[in-house]
Each structure stands twice: as C-alpha cells, then as structure tokens.
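The next block holds one structure in the form of structure tokens; read it before the comments.
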Amino acid sequence: MNFKLFLALFAVPCMVAQAQEGNPFFQEWKTPFQVPPFSEIKEEHFLPAYKEGMARQKKEVDAIINSTATPTFKNTVEAYERSGSLLQKVSSVFGNLSGAETNSKLQAINRELAPLLSAHGDDLRLNEKLWLRVKAVWEKRTTERLNPEQARLLERTYKGFVRAGANLSPEAKEKMRKVNGELSMLSVRFGENLLKENNGFRLVIDNRANLAGLPDGLIAQGATDAKAAGMEGKWVYTLQSPSIWPFLTHSENRELRKQMLNGYLTRGDKGDDVDNKKIASRIAALRVEKANLLGYKTWADFVLEENMAKDPKGVYNLLDLLWKPVMEKARQELAEQQAIVDATDEYIKIAPWDWRFYSEKVRKAKFDLDESELSPYFAIDKVRDGAFQVATKLFGITFHARNDIPTYHPEVQAFEVKEKTGRHLGVFLVDFHPRPGKRGGAWCSTYRGAHKDERGRQVTPVVVNVCNFTRPAGEAPALLTSDEVRTLFHEFGHALHSLFYAGSYRGIAGTPRDFVELPSQIMENWATEPEVLKMYARHWKTGAVMPDALINKLKNADKFGNGFGRGEYLAASLLDMDWHTLTDTKEVDATVFEKQSLAKMGLIKEIPPRYRTTYFNHIWASGYSAGYYAYIWSAVLDSDAFQAFKEAGDLFDQKTADSFRKEILSRGGIQDGADLYKNFRGRDPKVEALLDKLGLR
C-alpha cells in the first residue's frame, strides 16, 4: 500500500475520534433522567455532532435499502423510524437553545447547518430505493397484521414520502432540492432579522413626568431595564411583551404610546439590512413553486390536506363566520372608547396607539376593574403552582422541584413529574422571563419526546415551557397580568399533551396544527374559574385569597375586549391565508399585497393585525404557514370540550378527566383529529359554546 495513502486513511478515524472526545453528544448522559448536561455542552460541540449524526443516519438508511430481505414493516418502516438517534439528540438541544438562549455563535452555526440539514432531509425523502421499499410495505399493508399504531406509522411514513416528492421525476426532485435549500436559509434569516429588531428598539424616558399613569411595578421594571442597559437614573421600555403592552395600556403620554406601537408595527419594514419584506415575498413564491411541483394549486391546499380543515375553503368558512360579529363588537368597543374621549377636553379620534389605553378606561368604568388590582394576586410561582394543582386534581400527577436536574439558564426551574402511583412520568422545565437571546412569544417544546425504544421500554419525556413574562420589580416578585396567567395555563396544557403521550413511536406523536391547540386552550378555561382562582390567587404581600368581589369583577369582564382581541387575531389569520392561497410563483410587493389583503377583509383602521407580514414569525419561520387559523379552530374544540366538564357538574369530574387524558392527551396522532375528538365527546364539536364564551350571540 502507498505509505501516504495509508497515513491518510489512518488519520481520518483519528481525527473523528479526537472530534468526538470530550463532546457530550457522543457520551451517555449520566444526569438525572438523562436530561442534557447543559453546562458541559459548548458551541463547538454542535457541528461535529450534527455531521456525525447525519453520517450515522445515512449508514442506517443504507442498511435498510441494501437489505436483500423482502420489505416489511419492521425491517423498513420501523427501522427508518428508529434511525437518526444521534441526530435527534443534538437537534433537540440545538433547536431549543436557538429559540430560548441563542447568541452570535449559535446563529452562525444555524446558518451553516440550514442547507446541510435541508440536503440531508432531501437525501432521505427523495431516496428512490428507500421509497420503493416503503411503497412495497404500503401496498401489502392489509397482509401484515399491523396494530393501529403500526398502521398509523406506516400511513404517516408513506404520505410523508409522497408529500416530500418521492414520486417526482429526477428533474423535479432536483428542483425540489433547490427550493427546500433556499427556503431553509430564508427562514433562518427572517428569524434572525426579527430578533435583531426586537432587541434593537428602546424607548428611553429621562423625565419622570412622562411616566404618568404607569403602575409602580412597571416604573420599577423600566428603571431596572435602564440600569441593565447602562442608563441608571432613566427608564427603558422595550418591545418585549411584559414591557410594551402594559405601557400602551397605562401610559398617559399619547406621543410615547405612538412611538412604542410604531416601533412594534414597523419591525422588519424599514428598508435596511434587517428588512423582511423581500424575504417574506420570496418564501411565499417558493412555497407556491413547491406546492405546484407536488400537484397542488396553492401552498394552503398542500398544508391543509393533513389538517382538520382539509382545504382553504374550510378555513375561510370558519373565519368568515366569526369575522362579521367580531367586527360589529369591535365597532361597539370603539364607540365606547370614543365616548370617553368626547366627554373630556381632548379633541382626538381614537388611533391604534390609543386602543389599549382607552379600552382599560372603559373596562374600569363598566366593571370597576383595573388590571393593577389583579396583578398583586398573580405572583408567578403561585400561578405556576395553581396550574400544577389543576393537573393534580384532574389527573393525579404531582410536580416536584429538583435542583439536581441540569438547566440551560439559572432562571430555568426543573420539576420531576410523577403519576399518583409515584411512577416517574417525565421532566418539566419552565423558563418564564425575556432575555436578549430569547425570541418573543411563548411556546412548548421537548428535549426528548416520549416513546418506546426498540425493546419496548418506555422513554420518558423532557418537556419545556418558554415564555416572556413580567420580571420581578422592586421588592415584589414577578406579578403577572391576567393575559399572562392565561398564557401560562395555555403552554402548560401543551406540556401535559407531551408528558401524557403513551405511544410507541415519535413519528405519530404529533397532531394536526388545528388540533394541537385543543390541549393547551382548554387549560385556559380553568385559569379564571372562581373555584380555581381561590386555589392559587393570593396577594403576594398578605397571602390573602382574591376576594369574591374581585373574582366576580373578573368573571363579569370575561367577554370584554373580544372585538379587539379576536379582531386582531382573525386579521392575522386571514393575512396568512391570503399569502398562502397565492397561485403565482412570481414574487409580489409585500407592502401592496398586505394593504390589499387588509382592505379586502375590512379591518377597521384603529385595529392593526396582531402580526404584520414583516414580523409574522409564526408563518415564515415557525411552522404555522396556512395554519395560524388553528387557534380559533381549536377554540371551537376546547370550548365544547370544557362544556363536558360543566355538564358533569364538576370542573374536576374524574370520569371526564380520565376520558380526556385517554382519548386526547395520550394518543398523539394515532387517529385523525376529528376521530380523536369524537372518541372523547361522542359527537362532533359544536360552535355554540365558543360563540357564547366570546359573547357573539
């Protein structure tokens, strides 16, 4: 053998071994419950682990396609499902940290990884030999005696290959690869731009008179944020939810309210290096091209085929059903606000930056309810424990704080979750407050999804809730707004869905986008029930339970503001659908398109859509394309499902709770969402419960 060639061949495995040495992803995690050892994981560990993970999965797939055995469910579909364990291991950590605790190094890695992962995915899904084996199993599925889980995994796998382009010609497959590669990079750029915009805006106040109207806690928060920014003695307000929305609700300075809201509304729309208009337009055009390649007229047709709505018509029908009564309610709300203005010496017409401010005045006048009365009873740890108590009363599970479980940031809290028998169910992490490296919003994710290993042993989940809630200020703990309370219960519902999944395969753990919000949104119903409020709503200073008079005020005001709240949401949902029912692969002018869309739907000018095109992260970078409507679709389900507890005469009726866990929370996507719901409710959902809850009939 040539000596130089020998040295080169010898050097490759040595270099690989060196790269793996000391890298936690190549080691067994000996942490409690095998939670990622976050303190040991460094930025330089990700790329080697990703590349090795892709290489290993390729070898595992090669073993499947090179087998001479007749294709079966076990040697093809199940083997493919279980491939890529290292890739899954590193992806879960990197993906979660990229959303909750990113930095410039992780962002650079993400940019490098995006095309590699896109190509790797295409290499698998467009692999002709693998496809032929999967297809062979599908075609003889009636002879394999598969159980329901196996049958569902086979169906999901087969459809996944078809929807990825496995049936395309070689030329079309090559075009698909290019489209997927560009889409992956554009989504990364969109998200990075938005994070820069979120972090780049500051409203700096140096005159105490300009703080008029702000609650003491918000003033203290502004001072704390100013000190952190090196501006001690001033007050800083940002686009983070705990800052902007209370500011717009309480600030008496109209010009400052305008500056704040415009800072929010113009993100990604300034014509600079972080402008997102062309990125969004390009993504939309590429999605039309991809849909056309796969035989669909629009991207929405492609996406919705797998959802409960089935097609764009189904979505538009629901949105149109709600749009007219919601806009009527919004106009009533606007008139009430304008009446308050007209009764003063202020000669103004309500503008978007006035809505929250005057809406709060109307609420106080109609219901004698001020948000600042509520927050002292919503200390964050008490609200969290209230959500835990609800889960305990419904399902018997308990939550135990564990200081020995690793976390990725000092603020993150870790809990072991146990069944009422004491059996370990999973790990639950909560990350509640905004940071510069965390994207906006709130979400639930997993570091490890529940499933069974190849020997049939249960692998328990590691679930995380990530939020951007009000921080502690002054001597007070973090005191939440009523909206933040609902969000905490909402994300906790997603966590329960992940904790309770009892299926064998990760490949069928997911549910349709318009079903997945059912487990989260139903939990919001418990959050403000008087019986539940008495469990957790205690004054942070005195420990006194929220008085009945205040609970009644909160309940009486429950339907207040739905014209604005649902209006801004429906407008964003319609904007999403309009973008994704485009049929032309040519890029459109994003500004003109959005303006025409909003004009067509008739949104009143005083209400901007919840998300404009340039910062609509849900649809351009977070998997909700042609799917933002899902929240209201699921609202039909959750309102009707909660009614089952009401009909039972007990918010914690055990028979109903057991059925909800068995038929909804533990089943993942083993059946279509409509069938899962009927298994629980015994019938299709009815819209009346939602209309009643919103005060729309």
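The values are calculated or read from the model by the stated rules, or taken from the named source; none is laboratory data. These numbers were taken from a predicted model, which means no experiment stands behind them. Note that each Cβ is placed from the backbone with ideal geometry, even for glycine, and that neighbours are counted across all protein chains shown. These area figures cover heavy atoms from the full protein model, side chains too; ligands, DNA and RNA do not enter into them. Shrake-Rupley method; radii C 1.70, N 1.55, O 1.52, S 1.80 Å.
Numerical summary
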{"read-out": "Selected residue [within 22 Å of Asp514 (Cα to Cα), charged (D, E, K, R) and in contact with an Asp or Glu (Cβ under 8 Å, 6 or more places away or on another chain)] from Asp275, Asp311, Asp269, Asp320", "value": "Asp311"}
{"read-out": "Of all residues making up the stretch 127-143, the number that are open to solvent by less than 40 Å² (accessible area, probe 1.4 Å) and of a type in the set (Val, Ile, Thr)", "value": "2"}
{"read-out": "The lone exception for Gly507 - which of (1) touching an Asp or Glu at 6+ places or on another chain (Cβ under 7 Å); (2) assigned to a loop (DSSP other than H, G, I, E, B); (3) open to solvent by 10 Å² or more (accessible area, probe 1.4 Å); (4) among the small types (Gly, Ala, Ser) it fails", "value": "(2)"}
{"read-out": "Filter pass, Thr487 being outside any strand (DSSP E or B), among the polar types (S, T, N, Q) and either at pLDDT below 95 or closer than 30 Å to Lys555 by Cβ (or both)", "value": "yes"}
{"read-out": "Those strands (runs of 3 or more DSSP E) lying entirely in the stretch 352-432 with at least 1 residues open to solvent by 40 Å² or more (accessible area, probe 1.4 Å)", "value": "398-401, 413-418"}
{"read-out": "Among the residues listed as Ser98, Ser104, Ser85, Ser67, the single one being within 29 Å of the chain's Cα centre (by Cα) and open to solvent by less than 50 Å² (accessible area, probe 1.4 Å)", "value": "Ser98"}
{"read-out": "Filter result for Ser251 (at pLDDT 95 or above and either over 28 Å from the mean Cα position of the chain (by Cα) or of a type in the set (Phe, Trp, Tyr) (or both))", "value": "yes"}
{"read-out": "All positions within the stretch 434-479 that are surrounded by fewer than 21 Cβ atoms within 10 Å (Cβ to Cβ) and either touching a Cys at 6+ places or on another chain (Cβ under 6 Å) or within 20 Å of Glu371 (Cα to Cα) (or both)", "value": "Ala442, Pro472, Gly474, Glu475, Ala476, Pro477"}
{"read-out": "Considering residues of the stretch 510-549 that are hydroxyl-bearing (Ser, Thr, Tyr) and under 19 Å from Tyr677 (Cβ atoms) only, the residue surrounded by the most Cβ atoms within 10 Å (Cβ to Cβ)", "value": "Thr511"}
{"read-out": "So Gly567, is it farther than 23 Å from Arg287 by Cα and either part of a loop (DSSP other than H, G, I, E, B) or open to solvent by less than 10 Å² (accessible area, probe 1.4 Å) (or both)", "value": "yes"}
{"read-out": "Residue in the stretch 170-179 that is under 19 Å from Ser622 (Cα atoms) and in contact (Cβ under 8 Å) with a residue 60 or more places away in the chain present", "value": "yes"}
{"read-out": "Meets criteria (over 19 Å from the mean Cα position of the chain (by Cα) and under 27 Å from Glu688 (Cβ atoms)) for Leu570", "value": "no"}
{"read-out": "Subset of the stretch 287-308 [buried (at least 20 other Cβ atoms within 10 Å of the Cβ) and either of a type in the set (Ser, Thr, Tyr) or touching an Asp or Glu at 6+ places or on another chain (Cβ under 6 Å) (or both)]", "value": "Thr298, Leu304, Asn307, Met308"}
{"read-out": "Breaking point among (1) within 17 Å of Val588 (Cα to Cα); (2) part of a helix (DSSP H, G or I); (3) open to solvent by less than 30 Å² (accessible area, probe 1.4 Å), for Gly268", "value": "(2)"}
{"read-out": "Sole residue being part of a helix (DSSP H, G or I), farther than 30 Å from Ala166 by Cβ and open to solvent by 30 Å² or more (accessible area, probe 1.4 Å), chosen from Arg331, Arg282", "value": "Arg331"}
{"read-out": "Residues of the stretch 570-596 satisfying the condition of being over 26 Å from Leu293 (Cβ atoms) and either of a type outside the set (S, T, N, Q) or not in a helix (DSSP H, G or I) (or both)", "value": "Leu570, Ala571, Ala572, Leu574, Val592, Glu594, Lys595"}
{"read-out": "Within the stretch 586-596, tally of residues that are crowded, with 16+ Cβ neighbours inside 10 Å and among the β-branched types (Val, Ile, Thr)", "value": "1"}
{"read-out": "Residue list for the stretch 216-242, filter: open to solvent by 20 Å² or more (accessible area, probe 1.4 Å) and either among the aliphatic types (A, V, I, L, M) or in contact with a Pro (Cβ under 7 Å, 6 or more places away or on another chain) (or both)", "value": "Ile219, Ala220, Ala223, Ala228, Ala229, Met231, Gln240"}
{"read-out": "One residue from Leu146, Leu183, Leu168, Leu154 being modelled with pLDDT of 95 or more, under 23 Å from Leu113 (Cβ atoms), crowded, with 16+ Cβ neighbours inside 10 Å and among the aliphatic types (A, V, I, L, M)", "value": "Leu183"}
{"read-out": "Inter-residue pairs, beta-carbon under 6 Å, first closer than 16 Å to His580 by Cα and in the stretch 591-604, second part of a helix (DSSP H, G or I), 6+ apart", "value": "Glu594/Thr613; Ser597/Leu575; Ser597/Asp578; Met601/Leu574"}
{"read-out": "Pair list, Cβ < 6 Å and 6+ apart or interchain, from the stretch 390-411 residues that are in contact (Cβ under 8 Å) with a residue 40 or more places away in the chain to residues that are of a type in the set (Asp, Glu) and open to solvent by 40 Å² or more (accessible area, probe 1.4 Å)", "value": "Tyr408/Glu101; His409/Glu101"}
